[in-house]
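Chemist: The structure follows.
We did not get these values from a lab; they are worked out from the coordinates using the rules stated. Here the structure is a predicted model, which is why all the values come from computation and not from measurement. For neighbour counting, all protein chains shown are included, and Cβ atoms are generated from backbone atoms with ideal geometry for every residue, glycine included.
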Amino acid sequence: MARVRKRNIHLSKLCSFSCCRRPSQPSSTNEHDRIGQKGYSRVVYCNEPDCEEQIRLKYRRNYVSTTKYTAANFIPKSLFEQFRRVANIYFLVVACVSFSPLAPYSAPSVLVPLIVVIGATMAKEGIEDYRRKQQDVEANNQTVEVYDGNSSFNKIKWKNLRVGDIVKVHKDEYFPADLLLLSSDYEDGVCYVETMNLDGETNLKSKHPLEVTSFIRDVETVKGFRAVIKCEDPNEHPYSFVGTLYYECQQYALSPQQILLRGTKLKDTDYINGVVIFTGHDTKVMQNAMDPPSKRTRIERRMDKIIYVLFSALILVSFIGSLLFGIETKKDGGDYGRWYLRPDITTVFFDPRRPSVAAFLHFLTGLMLYGYLIPISLYVSIEICKVLQSIFINQDQAMYDEETKRSAHARTSNLNEELGQVFTILSDKTGTLTCNKMEFVKCSIAGTAYGCGMTEVEIALARKRGETLDEQRDIDTVESREPVKGFNFRDGRIMNRKWVHEPYRDYIEKFFRVLALCHTAVPEVLDPGKIFYEAESPDEAAFVIAAREVGFQFVKRNQTSIQLRELDRSSGEIVDRVYELLHVLEFSSTRRRMSVIVRNPERQLLLLAKGADSVIFERLSEQGRMFEAETKEHIERYSEAGLRTLAVAYRELDDDEYKRWEQEYVKAETSVSADRDYLLDEKANRIERDLILLGATAIEDKLQKGVPECIDKLAQAGINIWVLTGDKKGTAINIGYACSLLRHGMKEILVILENPRIAAVERDTEDFAEDYEIVEKQIDEGISQVTGGSSTQFGLIIDGKSLIFALDKNLIIRFMELAMKCATVICCRTSPKQKAIAAMSSDFSIAQFRFLERLLLVHGHWCYRRITMMICYFFYKNITFGFTLFWFEAYSSFSAQPAYNDWYMSSYNVLFTSLPVIALGVFDQDFSARHCLEYPSLYKEGMDDVLFRWTHILSWMFNGVLSSVIIFFLTANSITGQAFRKDGQVADYSVLGLTMYTCVVLAVNCQMALCINYFTWIQHLFIWGSITLWFKFLLVYGSIPPTLSTTAYKVFIEACAPSIQYWLTIILVVIATLLPSFSYRAFQTRFRPMVRDSIQT
Amino acid sequence: MGVIFIPVGLVTLRASHCVIIHSMVVEIVDRYDIDCVPEPSRMDKVSYIQDDSIPKNCSRFMKVHKYMKAPIYIYYQLDNYYQNHRRYVKSRSDKQLLDGQKYHDTSSCQPVESNNNRPIVPCGLIAWSLFNDTFKFIREGAELIVNRKNIAWKSDRGHKFGKNIYPFNFQNGTLIGGGKLNPEIPLSDQEDLIVWMRTSALPSFRKLYGRIEEDLDVDDVVVVNLMNNYNTYSFGGKKKLVLSTSSWLGGKNDFLGHACVFVGCSSLSLAIIFMLLHVKYRRPYGDMSYLPWNRKSFSG
């Protein structure tokens, strides 16, 4: 591909007017004074990483490790992490005590499940950490070009980078460390970086080096470069940097403008040279990444409470048991009592003479025996489930964005179920609701509005008014040409050279020339005939493209000129015209305008300007105000239609005036005084006046695909949506209608400080009280409306200034009361500071807003349901099991004899009931994704926390107790007593235990099968597999010699399997166990349907 | 959903039918622990049973009310006897039962692990408290032959109790618990012991004593001559003698049958209730008009 080398210029070079430099904060000078003191002690010897002083400072290398453990500390540290959980400590203590005679079962049988569970958790931790390690290795082994001190740049690995090294980073590469920008391939050293990884913003940001270093470009200049940087110590503030460069006996203040952060990417610049300042863990991004706060979900917090409830139940049950045991034991004291227990020569544990001591010791034994009430594998199962769930989220093809090739990404798996319980969505507008892809749609030139396409907002407004859309207009505008990116302007009066017949054709020509000339974009010819523009912002690109489409094609630029290919009106031919470029006065957020000074081929000096309407209008000359009224009206209309507007103006300069100004400007430019920026600003101001208004542009930032539908669904799901935007009130409201934030029949509540008032507030603070009262009054009115009890929905519109008052500690409660009752809150005119959002610390990221619908309504709903079901089921299965032990105790005079063989018990949580519940937590879907989206009100289940209310949890627990009662009493009465086999054998202790255990495993797994709504082969495999596993276990365990298998020896093969009574009993017991909960559910579904049930039937 | 109850109910009822019809098992139960104590001693049954000088023989009459087909199983039943007490269950040594005196670590048998510093085989509370009432059955003057072989589990005889292990130092202590063992017979053939050492699940239990391999006719009177040796008096236990036939399902099991009937009936009645309610409050399929999101209009 023939690629034309981009000229190494950038317009900011032409006047090193760096208005991009942040207006120096008043405090910054103070900060610079503190260099060398505490917190500002870092010293970097540029280009001398080997010098003694540098080595003595012992700064870290660029090696990065994000792992939690090392090979050495893995075992102790991960064990420590594990045993920070109360439940795990309990099990550890039980395991230790199990070696003493207190234990009701053998020590290995309690150790093994603990080791399995702990081992599983550690394995999971280990795998996760290994992944991190691999990522680290990958990052550490990336290569970067480093100056070797002699004659060339050599590639070395990132991890070997040292402070003071000079590196060369090429286009589209990530910066290996925090660098000080020295120079780039542009003459003025400017470079562009993409900070998406840091803040999620997709637009490029420019960075400017100090002028004195911008010449250091090739090996020769690098070789001679020696300087010292003194700067702040490593810290986690990515947008601040305080430092001083000592270079050739001069001091230069450094600002964040010169710092290139690790984690960001070089864009649109061929290469840069930089000095490494912060390496490895000292970099800003790593400092930020330290210790991510571990977030705990509401479910988890409640789960902890349930664990405490279970602990109390455990203590209570043990207490009852030991009390009764004490009484029974005391009875043995007189006249031998139960002589077969030899109470006369007993140990302290069964001593009838000291029943209280025996009872106390028995209490401890009970705590161990009924420990099965506490689900040992709960935590590890939930963690495994969440990891698998987030894999599903990440892999969901429906959330894959073709354009950016990004799928949804769950950075942490901790919060999955919280996705199903979102009350409020806070959203930015630009780039979140919108695509951040600007399209030129309309313009107003010389008081005439052009562009007849309808914007999304206009369509929405028309719909709101109930107008039927005039389809005719749409068809009119459809032309047979392929759509141009960034350009959606349709007007027969302008397009296809028709503009030459318009009355104000001169203005139209000038207007588009301004658009074609007044910018900082760079053309790039990819294919012959196709020009692509690289611009700082998509707005700017849209202007250049618009000019090109109308017939003012910007083809070439170099340091001093811009070449346009445009129509010569007199001859009707396409000609190339070269404009001499004299100055660029760049755009900045304070200036809110940009202008260029050019000399056209007719040797006329022109100043071309575009900027915010208010800024341009106040700089118009008397004769330049010809179309002010019309243009203002059009701008008003455009902004109501949700468009971004700029005013366009120009001015003819005479040579003398320009020369005088230029001299002053150059003088200001070269001055070294502190107020240089201010001076430059002022000089620019002097020439940007007496402008002649040409018109205004309107650019549409299209809403992302599916945004209104998505918001509509989310609103139906009952989620409140807050949108923060910098737009004006009118624009904000109209956009609100366009994206369904505000809907038909919704009542608007306004909390607005009128514009003039805002201005007043900005200037002085005296009127605070008054403003406060206004806001308070509006909020109170709003509350009285909202609490009116009508069923209408409310939308609250509040502006940035009011928001400050509303968030005041006196008002915030009332404000939140109001805001929570409103389905939508739009905060307009908010300052960027109020909007600040960092993607780096996000927990989930998605490529498109519309995926939010799927993420919340589908995945959120599923995850919430899965996790809550899983937890409830866990408690159910353990309570069922634990209480059968207790009922058996009642029949063994509370002697703490377990009803089951030791190994049956220890396998319960890890072998026979663990996998199905994990499958439930990973795969279960109560409704298909389609249904979840179709019926958003399903989502309310999560918001109301229906599945994790105490009543719901307690009903599951009650069900567990009930199941255990049914299982124990039915089994015990069915098979004991009479002969249970044809050959007259009776059921003994081991047969009862085995039968009961079979019933528990079957009942609990069948209960699971009833809960599951969505069967995959995995669920079938796990559920029926667990049951068959139990029988296989019996066969294997039963064939081990009796000294090891004790009571399990051949029980199944010899006694149970041939007994019809055994099989009959387990069928009966399982049916009887499932019957109550099943009929309860059937009843509930039929007669008290929740949302879900109505959809299911 | 209610439809599911119908097959469940039918299946369970069918099962209960099987249980009740096919297990026409005849069972005779006779409690003898009080009646076998002579009237004068009934005030202090404990000292009666502990007094070795008093003969403990006793005769009971059991009337056969229904034809009993051989084999007729003889059980003794103990009530309120906690064979499942933790102290009791643990007090045995499976290794010693297999290896005899060669196995020395009998600490698990406490408190009956040794006597006069010599180990006891079999050790432990269970063996020590061996049941030792004996029964003889006479019909019309002729003694009924009681087969007392193969009353223990095959696996127990084969693998749990040693073939060459003989009782040693058993019941030689100051306090004699239950029955004694013939030291000439190896443990694997001591079937009474093996049966006894299969500890029961619940405090009320039956254990197999033997089999009568002759049919008993209606109105036959069986005279039982028994030795009432075993002390259940000190802890208020009961002793019963049970004669029972057996079916393919095992012994007489009214509970299982009734439970099946109950469960089956409840599922059927639930099914009926659900169907009635369904007919009464019929809701057309797919009518979602009352669902929350249709009650409130969200359309914008």
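Chemist: Would you grab the residues whose amide H sits under 5 Å from the one on A:SER41? Only those 5+ places off in sequence or on another chain, please, with H modelled 1.01 Å from N.
Modeler: Those qualifying (amide H under 5 Å, at least 5 residues apart or on another chain) are A:GLY36, A:ASP233.
Chemist: Take the alpha carbon gyration tensor of the protein assembly as shown, find the square roots of its eigenvalues, order them as a ≥ b ≥ c, and report rounded if a/c is under 1.5; if not, report prolate when a/b exceeds b/c, else oblate.
Modeler: On the way: a/c = 3.57, a/b = 2.38, b/c = 1.50.
Verdict is prolate for the protein assembly as shown.
Chemist: What is the helix-to-structure angle for A:861-890, meaning the angle in degrees between its Cα long axis and the longest Cα principal axis of chain A, kept from 0 to 90 and rounded to the nearest 10?
Modeler: 20 degrees
Chemist: Round to a whole angstrom and tell me the spacing of the C-alpha centers of the range A:337-402 and the range A:95-131.
Modeler: 12 Å
Chemist: Still on this model: Classify the range A:687-759 as rounded, prolate or oblate from the Cα gyration tensor: take a ≥ b ≥ c as the square roots of its eigenvalues, call it rounded if a/c is under 1.5, otherwise prolate when a/b beats b/c and oblate if not.
Modeler: Details: a/c = 3.31, a/b = 1.74, b/c = 1.90.
Taking the square roots of the gyration eigenvalues as a ≥ b ≥ c, the range A:687-759 is oblate.
Chemist: Still on this model: 222 nm [θ] for chain A, helices only, -39500 (n - 2.57) per DSSP H run of 4+, per residue, to 500?
Modeler: That comes out to -13500 deg cm²/dmol.
Chemist: Right, next: What is the helix-to-structure angle for B:5-22, meaning the angle in degrees between its Cα long axis and the longest Cα principal axis of chain B, kept from 0 to 90 and rounded to the nearest 10?
Modeler: The answer is roughly 30 degrees.
Chemist: When the Karplus curve 6.51 cos²θ - 1.76 cosθ + 1.60 is applied with θ = phi - 60°, which whole-Hz ³J(HN,Hα) does each residue of the range A:1066-1082 get, with x for Gly and Pro?
Modeler: Couplings: 5, 4, 4, 5, 5, 4, 5, 6, 7, 4, x, 5, 5, 5, 4, 5, 4 Hz.
Chemist: Quick one: which residues, 5+ away or cross-chain, put their amide H under 5 Å from the amide H of B:ARG31? H built at 1.01 Å from N.
Modeler: Amide H neighbours of B:ARG31: B:LEU241.
Chemist: Could you tell me whether the range A:161-288 comes out rounded, prolate or oblate from its Cα gyration tensor? Rule is a ≥ b ≥ c as square roots of the eigenvalues, rounded for a/c under 1.5, then prolate if a/b exceeds b/c, otherwise oblate.
Modeler: Values: a/c = 1.63, a/b = 1.18, b/c = 1.38.
Oblate, because a/c is 1.5 or more while a/b does not exceed b/c.
Chemist: Further question on the same structure: Just tell me how shielded B:263-269 is by partners: mean number of partner chain Cβ atoms within 10 Å of each residue's Cβ, no decimals.
Modeler: Details: counts 8, 2, 0, 5, 5, 0, 0.
Taking the mean over all residues of the peptide, I get 3.
Chemist: Which residue, A:THR365, A:LEU992, A:THR432, has the largest displacement toward the positive end of the dipole of chain A when charges sit on each Cβ (Lys, Arg +1; Asp, Glu -1)?
Modeler: Of the listed residues, the answer is A:LEU992.
Chemist: Here's a follow-up. Karplus couplings for the range A:716-732 from phi (6.51 cos²θ - 1.76 cosθ + 1.60, θ = phi - 60°), rounded to Hz, Gly and Pro as x?
Modeler: Coupling constants for the range A:716-732: 4, 6, x, 7, 7, 10, 10, 10, 9, 9, x, 5, 6, 3, x, 4, 4 Hz.
Chemist: For the range A:161-288, calculate the relative contact order in percent as a whole number, restricting contacts to Cα pairs under 8 Å that are 6 or more residues apart. Don't skip to the answer; put the middle values down first.
Modeler: Values: 299 pairs, mean separation 56.6, N = 128.
So the answer I get is 44 percent.
Chemist: Next question. Working out 0.36 nm times the residue gap between B:HIS258 and B:VAL46, then minus their Cα-Cα distance, what length gain in nm do you get to one decimal? If you can, show how the numbers build up before the last one.
Modeler: Details: separation 212, 0.36 × 212 = 76.32 nm, distance 3.91 nm.
Result: 72.4 nm gained on full extension.
Chemist: Taking the Cα centre of the range A:161-288 as origin, work out the dipole magnitude from +1 charges on Lys and Arg Cβ and -1 charges on Asp and Glu Cβ, in debye rounded to 20. Mind dumping the intermediate values first?
Modeler: On the way: 13 positive and 20 negative charges, 49 e Å.
In total the dipole reaches around 240 debye.
Chemist: Then there is this: Which chymotrypsin sites (Phe, Trp or Tyr not before Pro) in the range A:1026-1088 pass both tests, a DSSP loop state and at most 15 other beta-carbon atoms within 10 Å? All intermediate terms of the calculation are to be shown ahead of the outcome.
Modeler: On the way: sites: A:TRP1030, A:PHE1031, A:PHE1033, A:TYR1037, A:TYR1049, A:PHE1052, A:TYR1062, A:TRP1063, A:PHE1078, A:TYR1080, A:PHE1083, A:PHE1087; in loops: A:TYR1049.
Answer in residue order: no site qualifies.
Chemist: Report the charge-dipole magnitude of chain B in Debye, nearest 20, computed about the Cα centre from +1 at each Lys and Arg Cβ and -1 at each Asp and Glu Cβ.
Modeler: Numbers: 38 positive and 29 negative charges, 306 e Å.
Result for chain B is approximately 1460 debye, rounded to the nearest 20.
Chemist: Here's a follow-up. I'd like the distance between the alpha-carbon centres of the range A:1053-1076 and the range A:619-665, rounded to an integer number of Å.
Modeler: Their Cα centres are 91 Å away from one another.
Chemist: Inside 10 Å of the C-beta atoms of A:1062-1072, what's the mean count of C-beta atoms belonging to other chains?
Modeler: Working: counts 1, 0, 11, 5, 0, 5, 10, 2, 0, 10, 7.
Counting other chains' Cβ atoms within 10 Å and averaging over A:1062-1072 gives 5.
Chemist: Using a cut-off of 10 Å between beta-carbons, work out the net charge of the residues near A:ALA449 (Lys and Arg +1, Asp and Glu -1, A:ALA449 not included).
Modeler: Working: positive: A:LYS442, A:ARG637; negative: A:ASP491, A:GLU630, A:GLU633.
Counting the neighbours of A:ALA449, the net charge comes to -1.
Chemist: For the range A:46-55, in order, what is each residue's ³J(HN,Hα) by Karplus, 6.51 cos²θ - 1.76 cosθ + 1.60 with θ = phi - 60°, in whole Hz (x at glycine and Pro)?
Modeler: With coefficients 6.51, -1.76 and 1.60, one gets 5, 6, 10, x, 8, 5, 4, 4, 5, 5 Hz.
Chemist: Sticking with this one: Taking H placed 1.01 Å from N in the peptide plane, check which residues at least 5 places from A:ASP268 or on another chain put their amide H under 5 Å from its amide H.
Modeler: A:ASP172
Chemist: Show me the GluC sites (Glu not before Pro) within the range A:558-635 that DSSP assigns to loop and that have at most 13 other Cβ atoms within 10 Å of their Cβ.
Modeler: Details: sites: A:GLU566, A:GLU573, A:GLU580, A:GLU586, A:GLU602, A:GLU618, A:GLU622, A:GLU628, A:GLU630, A:GLU633; in loops: A:GLU573, A:GLU586, A:GLU602, A:GLU618, A:GLU622.
Sites meeting the loop and neighbour criteria: A:GLU573, A:GLU602, A:GLU618, A:GLU622.
Chemist: Can you give the helix-only mean residue ellipticity at 222 nm for chain B, where every DSSP H stretch with n ≥ 4 adds -39500 (n - 2.57) and the sum goes over all residues, rounded to the nearest 500 deg cm²/dmol? List each step's numbers first, then the result.
Modeler: On the way: 8 runs with 77 residues, N = 300.
Computed ellipticity for chain B at 222 nm equals -7500 deg cm²/dmol.
Chemist: Of A:LYS729/A:LYS801; A:LYS485/A:LYS510; A:LYS58/A:LYS159; B:LYS56/B:LYS239; A:LYS877/A:LYS1050; A:LYS58/A:LYS133, which sit over 19 Å apart, Cα to Cα? Please report the intermediate quantities before stating the final value.
Modeler: Values: A:LYS729/A:LYS801 12 Å; A:LYS485/A:LYS510 23 Å; A:LYS58/A:LYS159 15 Å; B:LYS56/B:LYS239 14 Å; A:LYS877/A:LYS1050 27 Å; A:LYS58/A:LYS133 24 Å.
Over 19 Å apart, Cα to Cα: A:LYS485/A:LYS510; A:LYS877/A:LYS1050; A:LYS58/A:LYS133.
Chemist: Averaged over peptide B:34-40, how many Cβ atoms belonging to another chain are found within 10 Å of each residue's Cβ? Spell out each step's value before the answer.
Modeler: On the way: counts 0, 0, 0, 0, 0, 0, 0.
Neighbouring Cβ atoms belonging to other protein chains average 0 per residue here.
Chemist: Just need the relative contact order of chain A here, percent rounded to a whole number, with Cα pairs under 8 Å and 6+ apart.
Modeler: Working: 1904 pairs, mean separation 131.0, N = 1097.
After rounding, I find 12 percent.
Chemist: While we're on this one: What is the dipole size for chain A, taken about its Cα centre, with +1 at each Lys and Arg Cβ and -1 at each Asp and Glu Cβ, in debye to the nearest 20? Walk me through the intermediate numbers first.
Modeler: Working: 129 positive and 134 negative charges, 615 e Å.
The calculation lands at about 2960 debye.
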